[in-house]
């Protein structure tokens with residue numbers, strides 16, 4: 001692990017000074033894994049993390065245990081804890097689940113979205129198009145997640161929103177495997193535009209179909225890239 005990866009942890013801590021240290025470390029390491037700053041196979045040693053994050057071993061141990069339960073890290077014989085590799089089976093299971101949940105959230109959003117929420121979604125689309133045209137992939141990634149979070153919020157279903165928020169992090173991780181060209185990003189943008197158009201029409205059936213198709217296309221792109229990597 002490169003020491004410079006962890007240099008922004010003090011700034012991360014400042015986001016919520018009242019959050020327990022174990023939760024801050026968990027969220028911080030989770031973000032590094034999801035964004036592939038910590039790549040599969042990276043070792044996570046309590047003593048090293050304590051030194052780099054300036055934290056005691058107890059909150060680090062608790063954070064690592066939570067990441068292990070979530071399946072993001074694993075025990076490797078002879079090496080200790082390390083960031084896990086994605087299995088195709090796990091990815092397909094998550095895509096199947098998210099297809100249904102995203103479709104349901106889109107249906108609810110089409111029925112209940114306010115003018116303010118629709119305006120927010122439209123604004124996010126404009127920002128995403130701006131970033132795609134300039135090949136600003138990291139900014140586009142952040143906006144992509146914000147777009148889906150806005151849909152979940154518009155669904156007015158807090159439990160569904162929480163579930164999808166957690167699962168969306170995995171989809172963002174999978175997305176990092178296949179998002180490589182402006183063409184792919186423009187295709188994704190078109191799918192998002194179709195979803196917003198369905199929301200504006202308050203067409204629940206169309207919103208559900210377009211949302212499910214969006215996840216299905218992402219799944220196909222991920223699997224195609226997986227096949228290339230694993231020939």
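Since every read-out is calculated from the coordinates, none of them should be taken as a lab result. The structure displayed is predicted, hence computed values, not measured ones. As a convention, Cβ positions derive from the backbone with ideal geometry for all residues, glycine included, and neighbour counts pool all protein chains shown.
Give me the distance in nm between label points sitting 7 Å out from Cα along the Cα-to-Cβ direction at residue 57 and residue 123, one decimal.
4.9
Which percent of Cα pairs goes in each bin when the distances of the chain are cut into 5 angstrom slices starting at zero?
Per 5 Å bin, starting at 0, the Cα pair percentages come out as 1, 6, 13, 16, 17, 15, 13, 10, 5, 2, 0, 0.
For the pair residue 18 and residue 79, how long in nm is the line joining their label points, each one 7 Å along Cα→Cβ?
That separation, rounded to one decimal, is 4.1 nm.
Of the listed peptides 49-61, 148-160, what is their order by residue-averaged count of other C-beta atoms within 10 Å, with the highest listed first?
Numbers: 49-61: 16.4, 148-160: 18.2.
Result, highest mean Cβ count within 10 Å first: 148-160, 49-61.
How would you order 133-143, 204-214 from highest to lowest mean count of nearby Cβ atoms within 10 Å?
Details: 133-143: 14.9, 204-214: 19.9.
Going by the mean number of other Cβ atoms within 10 Å, highest first, we get 204-214, 133-143.
For residue 92 and residue 31, compute 0.36 nm times the residue count separating them, minus their Cα-Cα distance, and round to one decimal in nm. Intermediate results must be reported in sequence, preceding the final value.
Numbers: separation 61, 0.36 × 61 = 21.96 nm, distance 2.15 nm.
Length difference between fully extended and current span is 19.8 nm.
If the elastic network links every pair of Cα atoms under 10 Å, which of 71, 41, 14 fluctuates the most in the Gaussian network model of the chain?
Greatest mean-square fluctuation among the candidates belongs to 14.
Using helices alone, I'd like the mean residue ellipticity at 222 nm for the chain: each DSSP H run of four-plus residues gives -39500 (n - 2.57), total over residue count, nearest 500. Please list the in-between numbers first.
Working: 10 runs with 170 residues, N = 231.
Estimated from H runs of four or more residues: -24500 deg cm²/dmol.
Among 187-199, 79-91, how do they line up by average Cβ neighbours within 10 Å per residue, starting with the highest? Walk me through the numbers on the way to the answer.
Values: 187-199: 19.0, 79-91: 14.8.
Ranking the peptides 187-199, 79-91 by packing returns 187-199, 79-91.
Hey, rough spin-label estimate for residue 139 and residue 213, points 7 angstrom out along Cα→Cβ, what's it come to in nanometres?
2.9
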